[in-house]
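In what follows, a structure is listed as structure tokens, so that the remarks can point back to it.
The values are calculated or read from the model by the stated rules, or taken from the named source; none is laboratory data. These figures come from a predicted structure and were not determined experimentally. Because the Cβ atoms are built from the backbone with ideal geometry, glycine has one as well, and the counts that use them run over all protein chains shown. Each accessible area value is taken on the protein alone, full model and side chains, heavy atoms only, with ligands, DNA and RNA left out. Shrake-Rupley method; radii C 1.70, N 1.55, O 1.52, S 1.80 Å.
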Amino acid sequence: MTTPSWLTVTRGTAPLLVSIPHTGIDLAGLDSRLVSPWLGRRDCDWWIDKLYDFAADLGATVVHTAISRTVIDVNRDPSGVSLYPGQATTGLCPTETFDGDPLYHMGEEPTPSEIDERRETYFKPYHAALQAEIDRLHGMHGRIVLYDCHSIRSVLPRLFGGTLPVFNLGTNDGKSTDPALQAKVAEIMAATGQTWVVNGRFKGGWITRNFGHPQNGVHALQMELSNRGYMHEPEGRGAPDNWPVPYDPEYAAPIRATLKTILETAIDWAGR
């Protein structure tokens, strides 16, 4: 099967699969239907692909989509069921931003048939790629780690109270990975002196929950970073003149070093 142009799979041989589902800014031709292209990209996980660009050098396999989460969110339940019942969140094909701002002009929201088409065109190929790489790596190693990369603004009153910790590790309340690996990553986060939590507001999305089967040797982690950990994050919602801020390698260096330690630890743990 031919890989779509928007889907990038970089294959390695280490027992680690890195998923980057939310850095895409390709709006798939929706620009004129949206209130603004900028608004359609505001909730992107900005620069996460740059932050983790060392992963392939560690031997990890990396799967990345260029399609914006505004088109379809590949980290949501494909049936449309909420992953966080009773809490505000965005859907499979979002019609509003994290702040609750409408994404589409009135009457331009995706129809059920369009959502089905986007699921077939973008969601299924991404997940098929993840499954194919899981199968390939699992055939080489007794156990593997799937690490799902995310980031979000530090303050989002509609989604959570107060200021989010810098590091937010999700393991579906311990169901998606071995407790020993979770403990090792928690120890690394704690050593940074930054704020951190395990299974707090973000417990892992569909990717973590769907693929994480530790009983079968597939251990899944979601890392949600607060933007301030690696960006000069402005206060408030951000505006076209200050969001996103440019990627600053020097500012990002400390958290990048911690993330590298986490991935190296995952590879070492899986290989034992």
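Residues being outside any helix (DSSP H, G or I) and at positive phi are entirely absent from the stretch 108-122.
The rows are residues; the columns are (1) of a type in the set (A, V, I, L, M, F, W, C); (2) open to solvent by 40 Å² or more (accessible area, probe 1.4 Å).
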position: Ala55; (1), (2): yes, no
position: Val62; (1), (2): yes, no
position: Thr95; (1), (2): no, yes
position: Met106; (1), (2): yes, yes
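Consider the stretch 32-52 and keep the residues that are closer than 25 Å to Glu250 by Cα and touching a Phe, Trp or Tyr at 6+ places or on another chain (Cβ under 6 Å). The one that is most open to solvent (accessible area, probe 1.4 Å) is Lys50. Among the residues in the stretch 218-241, are any among the aromatic types (Phe, Trp, Tyr) and assigned to a helix (DSSP H, G or I)? Taking every residue of the stretch 218-241 in turn, none turns out to be among the aromatic types (Phe, Trp, Tyr) and assigned to a helix (DSSP H, G or I). For the stretch 123-132, the set of residues classified as open to solvent by less than 40 Å² (accessible area, probe 1.4 Å) and either more than 21 Å from Ala220 (Cβ to Cβ) or touching a strand residue (DSSP E or B) at 6+ places or on another chain (Cβ under 9 Å) (or both) consists of Pro125, Tyr126, Ala129, Leu130, listed by residue number.
Might you let me know whether the stretch 233-248 holds any residue that is within 28 Å of Ile144 (Cα to Cα), in contact (Cβ under 8 Å) with a residue 40 or more places away in the chain and among the small types (Gly, Ala, Ser)? Scanning the stretch 233-248, I find no residue that is within 28 Å of Ile144 (Cα to Cα), in contact (Cβ under 8 Å) with a residue 40 or more places away in the chain and among the small types (Gly, Ala, Ser), so the answer is no. Looking for something under 18 Å from Asp43 (Cβ atoms), touching a residue at least 40 places away in the same chain (Cβ under 8 Å) and not in a loop (DSSP other than H, G, I, E, B) - is there at least one such residue anywhere in the stretch 159-169? Yes: the stretch 159-169 contains one or more residues that are under 18 Å from Asp43 (Cβ atoms), touching a residue at least 40 places away in the same chain (Cβ under 8 Å) and not in a loop (DSSP other than H, G, I, E, B). Against the criterion of being of a type in the set (A, V, I, L, M), within 16 Å of Tyr52 (Cβ to Cβ) and either more than 18 Å from the chain's Cα centre (by Cα) or surrounded by 13 or more Cβ atoms within 10 Å (Cβ to Cβ) (or both), Leu181 does not qualify.
Annotation note: of Gly200, Gly212, Gly238, Gly205, the sole residue that is open to solvent by less than 70 Å² (accessible area, probe 1.4 Å) and on the phi > 0 side of the Ramachandran plot is Gly238. Counting only residues that are basic (Lys, Arg), closer than 21 Å to Ala239 by Cβ and not in a loop (DSSP other than H, G, I, E, B), how many does the stretch 30-53 have? Number of matching residues: 1. Can you spot a residue in the stretch 171-193 that is assigned to a strand (DSSP E or B), in contact with a strand residue (DSSP E or B) (Cβ under 6 Å, 6 or more places away or on another chain) and at negative phi? For the stretch 171-193, residues assigned to a strand (DSSP E or B), in contact with a strand residue (DSSP E or B) (Cβ under 6 Å, 6 or more places away or on another chain) and at negative phi: absent.
A Cβ distance below 6 Å, combined with a sequence gap of six or more or placement on separate chains, defines the contacts here; from the stretch 196-218, residues that are modelled with pLDDT of 95 or more reach residues that are of a type in the set (Lys, Arg) in the pairs Trp206/Arg76; Gly217/Arg143.
Looking across the stretch 13-51, the residues that are farther than 14 Å from Ser68 by Cβ and within 20 Å of the chain's Cα centre (by Cα) come down to Pro15, Leu16, Leu17, Val18, Ser19, Trp47, Lys50, Leu51. Here the condition is being among the basic types (Lys, Arg), at pLDDT 95 or above and under 30 Å from Glu235 (Cα atoms); of Arg69, Arg143, Arg136, Arg118, it holds for Arg69 alone.
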